[in-house]
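First comes the structure, then the notes that go with it.
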Amino acid sequence: MPTQSYRIVLAGNPNVGKSTLFNALTGASQHVGNWPGKTVEKKEGRIDIQGRECFVVDLPGTYSLTAYSIEEIISRDYLIDEKPNAVVAVVDASNLERNLYLVVQLLELEVPVILALNMTDIATKRGLNIDPAALSARLGGVPVIETTHGQLNRVEQLKDAINRLDSAPRPLRVDYGSTLETEIAALTQRIIASPDLAARYTPRWLAVQLLEDDDNLIERLRAEGGHDHLIDAAASAAARIEATTEEEAATLIADHRYQFIASIVRGTVIRGTSTSETFSDRVDQIVTHRTWGVPIFLLLMWIVFQFTANVSAPFVEFTEMLFEGPLTRWTVALLGVVGLSETWFESLLVDGVIAGVGGVLVFVPVLFALYLALALLEDSGYMARSAFVMDRFMTALGLHGKSFLPMMVGFGCTVPAIYATRTLDNETDRKITAFLTPFMSCGARLPVYVLFGTVFFGSNSGTLIFAMYVTGIVVALLTSLLLTKVIYRGRIVPPLVIELPPYRLPALRTVSRDIRRRVGSFVTNAGTVILAASVVLWFMLSVPASGSLSQFNDVELDNSVFSALSKGIAPVLSPAGFGTWEASGALVTGLIAKEVVIATMNQIYVGEDEEETLESSTFVDDLGEIVTGFGEALILTGQEIVNIVPRTLNLIPGLSLPDVQFLGGGEEEELASNSLEQALRSAFTPLAAVAFTVFILLYVPCMATVGAMRQEFGWRWALYQSGYMLLVAWLVAVIVYQGGQLLGWGVA
Amino acid sequence: MTMLAKPIEPAAPLPLSMVTSGQTVELVEIRSGHRLRRRLAELGLHVGTPMRVVQGTLRGPVILAVKDDCRLALGRGITQRIIVMPTASDKA
């Protein structure tokens, strides 16, 4: 055996406890990364077996070596290309026959297999008793190790089995019957005759896969080049089989494999009196009911939405306070010590970097709350059911059942909504869904509607807000139809086929790991985009468009490069009724994040004379503020969690329970100064104000969204989406303004 | 809920989408392309597989207990193309 790196892989169906076994095997030595060029998680670790260093890889869950999804392609390619020294096939004992399908394929691939018999406790509970020795014997001597959680010495036994594993694999022969065997033999001969093929692939396995018409593998062979004759020969062999047997070769192969499996299971498994209806079945009879399923789903989504928007709010405010108060003061103080006080560098750090990056980091509590809710739904087993419940509605739109969830998440925040599309298996479905999510009006856009609503419509502002949400949904539905019925016309929505794991209590470890990873990737990825954008914007606001550079950082606002740029954009927006450089400027900064829109308007319309002077405070004061702020945020979070109950019950018509207040009455947040309201009234007509809010709703929500799209789908898609949103926003805003004028609205 | 007539004569094959909750059936035929048929086989659904409908929604998606070992949810696009034969269930 080569002394160089000894490679072990864990392979198996999804939801068989593979990750848990991987964790037990590798302990703290594991490393989580991504497969090259993919967003699929790659888990690796190192272990020591009898002084030999071994390299362990956890392959993504797969049902078969015939690959469909990205995960399955990764698993298959790794097994073929890397030729691991040992393959630990993790098997769910309570679903043995289906799980053995993959094991049979692995044995046909002639890789050295160890069978890890997992979840025997669940099998026993269902009255299934499996004899490991008999199973091993029937599989031609493949080692069978019981690895159920709690099994004594399971890791040691597994390591021992790996250590003693015969390097010469025992090929397993499924008898496919004379008609197929003749064709398989002929194809195998052809493959052996081609030395480079025989070196890379197991000949008999490749022959069977080709007869099964494994499209992805055929694609792979075509890409390698020079195998067209073989592929054609396999196709005509499959046609001959179908002509003689009147059955498709693929069906016959699957049937023979199951017959073979049945012969193995017979005599190794004793089925006792099984209780056919499980706890999960009884829950599903209510939760996925044809009448109750949808209302229950909507109720849960409402709770997730409440949780994300309100429960995180106190910590959002706390984070804001942290950046605007102590952090800014400390930076200013530190720069003062170094002698950089009142310089452009201070302005860059405070107005550019801290304000910009801080503006994004305040989203961390929102994401934390959202990912917690999602992880709970996912780990409890409900997520898989929600796709089933929404399947009918979504297929009518040409979307997949699972697309509904990211869209709901989009009402909270677009960035996690784009990441939430990862729950979809099909790449095209993911792209379409991610393309639609920004039209779901996110929480950051709401303050702009509120401001314009109160300024121009007073007590009727609620109507404007509601209209914006509805407009967003309508645009999303129309975009969906455009994508699914025109651009991806003729595309068959992959039919929904998912395994439903049994309901269970979410594991704290899985949930917290999920949250840490997802929030971490947001901070690093969106953070870098925002940092760059903030610095660029600061320079554009500081560099004069004309005159000498000595005015740097001391430039009149409407002489900055930024205003020059805004003036360039303004004429494009005039058909929509807001072609001033101030409005354009607010929209340009709004590209960074919608939170910035009102801040920019305050700066441009009201000017800097109202700029708050930094109140001096001592370091101890600041620490005190942080501690009390944190405590307050904790209490308010508790309050918001409790308030989900009355707010949810209030959905029942006629019921109106008050919210709980833990810290006395909260003061309403002041959105704008009176001077801004007056300035807006003279700058916009009511009709132009509506067109402006429509534009805010429909154009690129924030740089973090573009960053998330780029991370998930690449620059091309991120730019397509941004371009499309700008175009749609402009079109709809123009239609609103011009149409309104024709009807004689908003002129007064 | 409508009254369900007790089948006295031998049951006829029907699409899976028409089967009501609680009924046990056996898979007779999958009327689809070989790709989908192969995938279903890998998930444990092939001709002759005994299964129980956990949640039938009438013309919609279905939740199945396959061989009593695992639960599969199938969308309405497929359930109309899977033909099954009702079997006498041992438990009502």
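Please work out how much accessible surface residue B:46 shows to a 1.4 Å probe, ignoring ligands, DNA and RNA, in Å² rounded to 10.
We get 30 Å² for residue B:46.
Put one equal scatterer on each alpha carbon of the protein assembly as shown, apply the Debye formula with no solvent term, and list log10 I(q)/I(0) at q = 0.05, 0.07 1/Å to two decimals.
Log-scaled intensity ratios, in q order: -0.35, -0.66.
Need the full-extension length gain, residue A:569 to residue A:510, defined as separation in residues times 0.36 nm minus the C-alpha distance. One decimal, nm.
Once the chain is fully extended between residue A:569 and residue A:510, it gains 16.4 nm.
Can you run phi through the Karplus equation (6.51, -1.76, 1.60; θ = phi - 60°) for segment A:68-84 and list ³J(HN,Hα) in whole Hz, with x for Gly and Pro?
Once rounded to whole Hz, the list reads 10, 8, 3, 4, 5, 5, 4, 4, 4, 4, 5, 5, 6, 7, 8, 6, x.
Calculate one ³J(HN,Hα) per residue across segment A:184-192 by plugging θ = phi - 60° into the Karplus curve 6.51 cos²θ - 1.76 cosθ + 1.60, and present them in order as whole Hz with x for glycine and proline.
Whole-Hz 3J(HN,Hα) from phi for segment A:184-192: 4, 4, 5, 5, 4, 4, 4, 5, 5.
Starting from the amide H of residue A:6, placed 1.01 Å from N in the peptide plane, find each other amide H under 5 Å away whose residue is 5 or more places distant or on another chain.
Under 5 Å from the amide H of residue A:6 lie the amide H atoms of A:55, each far enough along the sequence or on another chain.
Could you list which residues have their amide H under 5 Å from that of residue A:560, counting only those 5 or more apart in sequence or on another chain, with H placed in the peptide plane?
A:545
Quick one: what are the phi-derived ³J(HN,Hα) couplings along segment B:45-51, Karplus 6.51/-1.76/1.60 with θ = phi - 60°, whole Hz, x for glycine and proline?
Going residue by residue, I get 9, 9, 4, x, 5, x, 8 Hz, with x marking Gly and Pro.
Is there a pair in A:402/B:67; A:42/A:159; A:42/A:431; A:43/A:431; A:567/A:594; A:485/A:567 whose C-alpha atoms are over 31 Å apart, and which pairs would that be?
A:485/A:567
Determine how many Å³ per residue the convex hull of the Cα atoms of segment A:177-328 encloses.
318 Å³
Would you mind giving the total buried accessible surface between chains B and A, with a 1.4 Å probe and ligands, DNA and RNA left out, rounded to the nearest 100 Å²?
3800 Å²
Just to confirm a number: summing +1 for Lys and Arg and -1 for Asp and Glu over residues other than residue A:444 whose beta-carbon lies under 10 angstrom from that of residue A:444, what do you get?
+1
Length gain on complete extension for the stretch residue A:342 to residue A:652, per 0.36 nm per residue less the alpha carbon to alpha carbon distance?
Values: separation 310, 0.36 × 310 = 111.60 nm, distance 5.72 nm.
105.9 nm is the gain from fully extending residue A:342 to residue A:652.
Where only protein heavy atoms count, and the probe is 1.4 Å, what is the accessible area per residue for chain A in Å²?
Working: 33480 Å² over 748 residues.
With the other protein chains kept in place, chain A gives 45 Å² per residue.
Need one value for B:72-83: mean number of C-beta atoms belonging to other chains within 10 Å of its residues' C-beta atoms.
Details: counts 7, 14, 6, 14, 6, 8, 3, 2, 0, 1, 0, 0.
Across B:72-83, the average partner-chain Cβ count within 10 Å equals 5.
Take every Cα pair under 8 Å in chain A that's 6+ residues apart, average their separations, divide by the length, and report that relative contact order as a whole percent.
Numbers: 1021 pairs, mean separation 74.8, N = 748.
Reported as a whole number, the value is 10 percent.
Counting other Cβ atoms within 10 Å, which chymotrypsin sites (Phe, Trp or Tyr not before Pro) in segment A:371-412 have at most 14 and lie in a DSSP loop? All intermediate terms of the calculation are to be shown ahead of the outcome.
On the way: sites: A:371, A:382, A:388, A:393, A:404, A:411; in loops: A:411.
Hits after loop and neighbour filter: nothing returned.
Using modelled backbone amide H atoms (1.01 Å from N, in-plane), which distant-in-sequence or interchain residues come within less than 5 Å of residue B:84's amide H?
Here B:14, B:16, B:28 satisfy the definition.
Mind ranking A:509-515, A:139-145 by how tightly packed they are, going by the mean number of other C-beta atoms within 10 angstrom, highest first?
Result, highest mean Cβ count within 10 Å first: A:139-145, A:509-515.
The values are calculated or read from the model by the stated rules, or taken from the named source; none is laboratory data. Since the structure is predicted, the reported quantities are computational estimates derived from the model, not experimental observations. Cβ atoms come from the backbone with ideal geometry, glycine included; neighbour counts cover every protein chain shown. We work out accessible area using only protein heavy atoms, side chains counted, and drop any ligands, DNA or RNA first. Shrake-Rupley method; radii C 1.70, N 1.55, O 1.52, S 1.80 Å.
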